[in-house]
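First up is the structure itself, then whatever we jot down about it.
Read-outs throughout are calculated quantities, based only on the coordinates presented, and are distinct from any laboratory measurement. Computed from a predicted structure; not experimentally measured. Methodologically, a virtual Cβ is constructed for each residue, glycine included, from the backbone with ideal geometry; neighbour enumeration extends over all protein chains shown.
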Amino acid sequence: MEPPQITFRKKEKGGVNLQQAVQQSELDMELVKTIMSEYRIHNADIVLKYDATSDDIIDVIEGNRVYIPCIYLLNKIDQISIEELDIIYRIPHCVPISAHHKWNFDDLLETMWEYLNLCRIYTKPKGQLPDYSAPVVLHADRKSVEDFCNKIHRTIIREFKYALVWGSSVKHQPQKVGKEHVLNDEDVVQICKKV
């Protein structure tokens with residue numbers, strides 16, 4: 001889930017000012033003032049950047065909400081029709097499965113990787129084939145060669161000379177890269193140390 005696109009700023013005086021970037025279906029000035037008075041806020045600037053609900057305003061005022069990715073699993077798809085399954089597939093953040101028959105577990109796994117924003121990096125010892133059985137898992141925000149080395153062991157970066165990388169993050173297979181190089185999902189990396 002994403003935080004509501006609402007700008008909220010308390011002020012000393014001037015009352016409640018409400019600006020709407022788009023037409024609101026639920027909120028109006030009267031409802032916003034009622035919600036604000038419940039929280040004893042009488043002076044504030046509020047900008048609604050999308051069609052917001054009263055719950056969205058409350059979430060922004062309280063400011064203690066944590067938004068995390070969510071996947072809804074809809075079980076027992078073996079007991080519904082194909083037409084109903086097509087409708088379920090259109091629901092956002094949902095993955096239909098059948099736990100009894102173990103149907104659609106691959107789609108669930110792929111959706112989990114996407115929502116958690118993770119990437120798999122495979123290791124390749126010198127003179128051997130890549131180890132595809134145990135990838136090093138990195139968060140997509142931190143996936144440089146240096147992050148990869150630190151994930152394996154924090155002393156590796158001290159002895160780091162360069163890395164050979166195979167995969168979609170490089171133009172040549174393999175390509176010699178430095179510790180700043182950003183890796184892509186399912187790249188293969190071989191670390192070369194200083195002698």
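Quick notes
- For segment 118-193: rounded, prolate or oblate by the Cα gyration tensor [a/c cutoff 1.5]: rounded
- Residue among LEU74, LEU118, LEU138 with the largest mean-square fluctuation in a Gaussian network model of the chain, springs linking Cα atoms under 10 Å: LEU74
- Reach of LYS143 by Cα under 25 Å, taken over lysines that are not fewer than 8 positions away in the same chain: LYS124, LYS126, LYS151, LYS161, LYS171, LYS176, LYS179, LYS193, LYS194
- Length-normalised contact order for the chain - Cα pairs under 8 Å, 6+ apart - percent: 15
- Mean separation of Cα contacts under 8 Å (6+ apart) over length of segment 72-116, as relative contact order %: 38
- Residue-averaged [θ]222 nm for the chain, counting only DSSP H segments that reach four residues, each worth -39500 (n - 2.57): -7000 deg cm²/dmol
- For segment 118-193, the antiparallel share of DSSP beta bridges with both residues in that region comes to about 85%.
- Gaussian network model of the chain, Cα within-10 Å springs - most flexible of VAL177, VAL137, VAL22: VAL22
- Exposed-loop-free span, longest in the chain, where GluC sites (Glu not before Pro) count as exposed if DSSP calls them loop and at most 10 other C-beta atoms lie within 10 Å: 13-179
- The mean sequence separation of alpha-carbon pairs under 8 Å and at least six residues apart, normalised by the residue count of segment 6-62, gives a relative contact order of 53 percent.
- Rounded if a/c under 1.5, otherwise prolate or oblate - the chain, Cα gyration tensor axes: oblate
- Inter-centroid distance (Cα atoms) of segment 135-195 relative to segment 1-74, Å: 43
- Considering only the chain, percent of DSSP beta bridges that pair antiparallel, nearest 5: 65
- Label-to-label distance, nm, for residues given as TYR162 and THR7 (7 Å Cα→Cβ offset): 4.9
- About the Cα centre, charge dipole magnitude for the chain (Lys/Arg +1, Asp/Glu -1 at Cβ), debye: 1640
- Antiparallel DSSP beta bridges within segment 6-62, as percent of all bridges there, nearest 5: 50
- GNM top mover of TYR50, TYR122, TYR132 - the chain, alpha-carbon springs below 10 Å: TYR50
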